[in-house]
Amino acid sequence: MTDTGGSAAPATERAAADERAREAADTLRAALGVSDVGTCVILGSGWGPAADQIGETKASVRSAEIPGYRPAAVPGHAGELRLVRSGPHEVLLQMGRTHLYEGHGVASVVHGVRTAAALGVTTLILTNAAGGINPAWWPGTTVLISDHINATGVTPLTGPTFLDMTEVYSAPLRALCHEVTPDLPEGVYMQLRGPAYETPAEVRMAAAVGAQLVGMSTALEAIAAREAGMSVLGISLVTNLAAGLTGERLDHTDVLAVARASAERMGQTLGRVCARL
Ligand code: 8IG
């Protein structure tokens, strides 16, 4: 028996997802007044205030008006797409994302990435807020993602797509980040499904298998981006030490407060990187 996920065959579903991404790209071209865009930044929880530092806003549209985008489910996610000018070129900012824990499936999670690919994007910058496992990373630390562990149990790929994953997060893009912002640490990011934060035992498991960051996004999007041939940069804002590493409990409002306090610095790094692409 073929596993069809309870609906259309996988190949049919994938064709429909690609068609939705093309429709979204066409709608964005009209709404933002662009033809193709080379760079896209997806801004995660709390990264919204960094957007203004990246460049001057040329146009913006609510993501609810774009085919396939779901309304923002999380406080701190704006649900807006912006075209900004950075140095000599234009950058698409996607403010907010769909998470796997919302339950709409992995195709919804990577729709923004596939839309970016359909718009001609060749460099994708994925940002997120994450729990830090390295105790030296106090809340507010930004960390470059060097590699990931996809612990969600799902993938955006279907069929025999044997994608090479030896360098998902571009070494040249990381080198550029180190040039514009010295002393950025790097770490391995583990994506878990959520929405519960980890137990202390799960954090010990993540550490034991080589993760230094835990979060609920990014890895699935990076896989879809690599499938589409894009170069990927990933940056985490550590907003909390992962569960069990301090005596504290985890609270989403603390996450947003840390992000607000760090937004200017994060925006400067993003702006300098985008201007040099
Ligand atoms: I912000 O500690 C943020 N997102 N899984 N664990 C997971 N996701 C997170 C965490 C965390 N902090």
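Count the net charge of all other residues whose Cβ sits under 13 Å from the Cβ of Leu245, scoring Lys and Arg as +1 and Asp and Glu as -1.
On the way: positive: Arg204, Arg249; negative: Glu198, Glu202, Glu248.
Summing Lys and Arg as +1 and Asp and Glu as -1 gives -1.
Dipole size of the chain about its Cα centre, with +1 on Lys/Arg Cβ and -1 on Asp/Glu Cβ: approximately 320 debye, rounded to the nearest 20.
For the stretch 33-133, give the magnitude of the charge dipole about the Cα centre (Cβ charges: +1 Lys/Arg, -1 Asp/Glu; no others), in debye to the nearest 20.
Rounded to the nearest 20 debye, it is 100 debye.
Based on every Cα atom in the stretch 124-259, Rg and the maximum pairwise Cα distance Dmax equal 14.7, 46 Å. The residue among Trp137, Ala242, Leu124 whose Cα reaches farthest toward the positive pole of the charge dipole of the chain, with charges on the beta-carbon of Lys, Arg, Asp and Glu, is Leu124.
For the stretch 10-275, the C-alpha radius of gyration sits at 0.94 times the compact-globule guess of 2.2 N^0.38 Å, with N the residue count.
For the chain, give the share of DSSP beta bridges that are antiparallel, in percent and rounded to the nearest 5; count only bridges with both residues there. Walk me through the intermediate numbers first.
Values: 18 of 47 bridges.
If I count the DSSP bridges inside the chain, around 40 percent turn out antiparallel.
The stretch 124-179 and the stretch 8-37 have Cα centres separated by 25 Å.
Laboratory data are not the source of any read-out in this text; all were calculated from the coordinates shown. From a predicted model like this one, the values you see are computed outputs, not experimental measurements. Virtual Cβ from ideal backbone geometry, glycine too; neighbours counted across all protein chains shown.
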